[in-house]
Amino acid sequence: MTHKHLGRRQVLAALLAGGLPLAHAQTELSDLARIRASGVLKVAVYKDNAPFSDGPASDIQGLDVAIAAALAKQLGLRLSLLPFDAGENMNDDLRNMVWRGHYLGYGPADVMLQVPVDKYLMQKNRQVLILAPYMRQQLVLVHDTRRIAEVREPEDLKGQPLAAERGAGAASALMGHGGGLLRTQVGIHNSGALAVQAVVDGKAAAAYVTRAQAESVLSRTEPRPGQIRLSPLALSGVPETGWPVGMAIKSEHKELGQALDAALQALRNSGELLAIFQKHGLTLTAP
């Protein structure tokens, strides 16, 4: 019988008996089998991305880190985190951390978290499979009700000091509204958390950030009841209902995708996923 006609079990048996080279056996193993053989699930998470993954590489913390650990445990694997700096765009991140690896030799991982589940992103990146949505991101206006009682339209923000995160789509949408109507009012902060904190500290009347960034900060502070409110704010180019967020793997790793889907569903059904969100002060919304 030739090597190409050997079944997977026969390949492994032949390998153990010294009858096949290791390289041949590796090509016969499925993506999930190779990962299980290593005993490790390599998960890529963004650096400096509170409340999802933030802190020193040796002790990075956040929602995505906790979800990665829970997924690895569900699959019976050890977790190995690959924290990375965001590239110019999501296409760069998917290339560097999912399907090819960074030119400096870092990555790829088995799976990357915090990936928008977007059909256009999928069409542009045929090398990856985006799956298993576990949350929904949404932009909100965090405002001090003593300075801005209600927000019905962007024009209600005129004359008030505003805050947004440097380089974020929220900042671009806010500053670009009405041809720059609010541009001079927007203070730029190094993170969404700092933008929200500016509202809590009274340095800004409102901040335009993700709900997760807002909830994370407010869960650790104690403003007076009703003083800080989260309100929707419709701006051009911003989806009103937000966008689902999931994971990305190599497109050919179908077995791994099925395993991750099943693991996430088990975490959801057991209540563990909800507990992870609550621990981090976040609302678990249907993706």
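Going through region 99-111 one residue at a time, which ones are more than 14 Å from the chain's Cα centre (by Cα) and touching a residue at least 12 places away in the same chain (Cβ under 8 Å)?
Residues of region 99-111 more than 14 Å from the chain's Cα centre (by Cα): 99-110.
Result: 99, 100, 102, 106, 107, 108, 109, 110.
What tally of residues in region 162-183 results from selecting those that are on the phi < 0 side of the Ramachandran plot and assigned to a helix (DSSP H, G or I)? Let's see the steps before the verdict.
Taking region 162-183 as the starting set, the residues that turn out to be on the phi < 0 side of the Ramachandran plot are 162-166, 168-177, 181-183.
Those still in the list that are assigned to a helix (DSSP H, G or I) too: 169-177, 183.
Summing the residues that are on the phi < 0 side of the Ramachandran plot and assigned to a helix (DSSP H, G or I) in region 162-183 gives 10.
Mind checking which residues of region 43-64 are crowded, with 23+ Cβ neighbours inside 10 Å and either within 26 Å of residue 195 (Cβ to Cβ) or of a type in the set (Lys, Arg) (or both)?
Residues of region 43-64 that are crowded, with 23+ Cβ neighbours inside 10 Å, as a first pass: 43-45, 51-53, 63-64.
Correct list: 44, 45, 51, 52, 53, 63, 64.
Condition first: at pLDDT 95 or above, among the charged types (D, E, K, R) and farther than 26 Å from residue 172 by Cβ. Now tell me which residues in region 199-251 satisfy that.
Passing the criteria: only 250.
Right, residue 178: without any contact (Cβ under 8 Å) to a residue 40 or more places away in the chain, farther than 29 Å from residue 93 by Cα and in contact with a helix residue (DSSP H, G or I) (Cβ under 9 Å, 6 or more places away or on another chain) or not?
Details: without any contact (Cβ under 8 Å) to a residue 40 or more places away in the chain: yes; farther than 29 Å from residue 93 by Cα: yes; in contact with a helix residue (DSSP H, G or I) (Cβ under 9 Å, 6 or more places away or on another chain): yes.
Yes; evaluated as a whole, the condition is true for this residue.
How many residues does region 64-84 hold that are outside any loop (DSSP other than H, G, I, E, B), in contact with a helix residue (DSSP H, G or I) (Cβ under 7 Å, 6 or more places away or on another chain) and under 24 Å from residue 275 (Cβ atoms)?
Adding up the residues that qualify gives 9.
For region 85-123, which residues satisfy the criterion of being outside any strand (DSSP E or B), among the hydrophobic types (A, V, I, L, M, F, W, C) and in contact with an Asp or Glu (Cβ under 8 Å, 6 or more places away or on another chain)?
Taking region 85-123 first, the residues outside any strand (DSSP E or B) are 85-110, 117-123.
From the residues that got through so far, the ones that are among the hydrophobic types (A, V, I, L, M, F, W, C) too are 86, 90, 94, 97-99, 104, 109, 117, 121-122.
Once the filter is applied, which keeps residues that are outside any strand (DSSP E or B), among the hydrophobic types (A, V, I, L, M, F, W, C) and in contact with an Asp or Glu (Cβ under 8 Å, 6 or more places away or on another chain), region 85-123 yields only 86.
Pairs, please: C-beta under 9 Å, at least 6 apart or cross-chain, first residue in contact (Cβ under 8 Å) with a residue 24 or more places away in the chain and in region 64-80, second acidic (Asp, Glu) and crowded, with 19+ Cβ neighbours inside 10 Å?
Once the first residue is in contact (Cβ under 8 Å) with a residue 24 or more places away in the chain and sits in region 64-80, its partners that are acidic (Asp, Glu) and crowded, with 19+ Cβ neighbours inside 10 Å give 80/110.
Can you list residue pairs whose Cβ atoms sit under 8 Å apart, with the first residue in region 231-252 being over 28 Å from residue 35 (Cβ atoms) and the second being assigned to a loop (DSSP other than H, G, I, E, B) and small (Gly, Ala, Ser)? Count only pairs 6 or more apart in sequence or on different chains.
Note: pairs meeting the criteria are 240/234.
Against the condition more than 27 Å from residue 275 (Cβ to Cβ) and in contact with a helix residue (DSSP H, G or I) (Cβ under 6 Å, 6 or more places away or on another chain), how does residue 107 come out, does it pass?
Numbers: more than 27 Å from residue 275 (Cβ to Cβ): yes; in contact with a helix residue (DSSP H, G or I) (Cβ under 6 Å, 6 or more places away or on another chain): yes.
Against the criterion (more than 27 Å from residue 275 (Cβ to Cβ) and in contact with a helix residue (DSSP H, G or I) (Cβ under 6 Å, 6 or more places away or on another chain)), residue 107 qualifies.
To keep it simple, each residue is scored yes or no on (1) among the aromatic types (Phe, Trp, Tyr); (2) surrounded by 15 or more Cβ atoms within 10 Å (Cβ to Cβ); (3) over 25 Å from the mean Cα position of the chain (by Cα).
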site: 156; (1), (2), (3): no, yes, yes
site: 160; (1), (2), (3): no, yes, yes
site: 193; (1), (2), (3): no, yes, no
site: 229; (1), (2), (3): no, yes, no
site: 236; (1), (2), (3): no, no, no
site: 242; (1), (2), (3): no, yes, no
site: 262; (1), (2), (3): no, no, no
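Any chance you could count how many residues in region 53-105 are touching a Lys or Arg at 6+ places or on another chain (Cβ under 8 Å), over 24 Å from residue 265 (Cα atoms) and hydroxyl-bearing (Ser, Thr, Tyr)?
Adding up the residues that qualify gives 0.
Looking only at region 113-154, filter to residues that are outside the structural domain of residue 63 (by TED's automatic domain parsing) and loosely packed, with under 13 Cβ neighbours inside 10 Å; which one of those is nearest to residue 94 (Cα to Cα)?
Of everything passing the filter in region 113-154, 153 is nearest to residue 94 (Cα to Cα).
Name every residue in region 272-287 that is assigned to a helix (DSSP H, G or I) and either β-branched (Val, Ile, Thr) or in contact (Cβ under 8 Å) with a residue 12 or more places away in the chain (or both), in order of residue number. Don't jump to the end; show me each part of the working.
So the first thing to find is which residues in region 272-287 are assigned to a helix (DSSP H, G or I), and the list is 272-279.
If the condition is that a residue be assigned to a helix (DSSP H, G or I) and either β-branched (Val, Ile, Thr) or in contact (Cβ under 8 Å) with a residue 12 or more places away in the chain (or both), then 272, 273, 276, 277, 279 are the ones that fit.
The values are calculated or read from the model by the stated rules, or taken from the named source; none is laboratory data. Fair warning: this is a prediction, and the values are worked out from it, not measured in the lab. Counting neighbours? That spans all protein chains shown, and the Cβs are built from the backbone with ideal geometry, glycine included.
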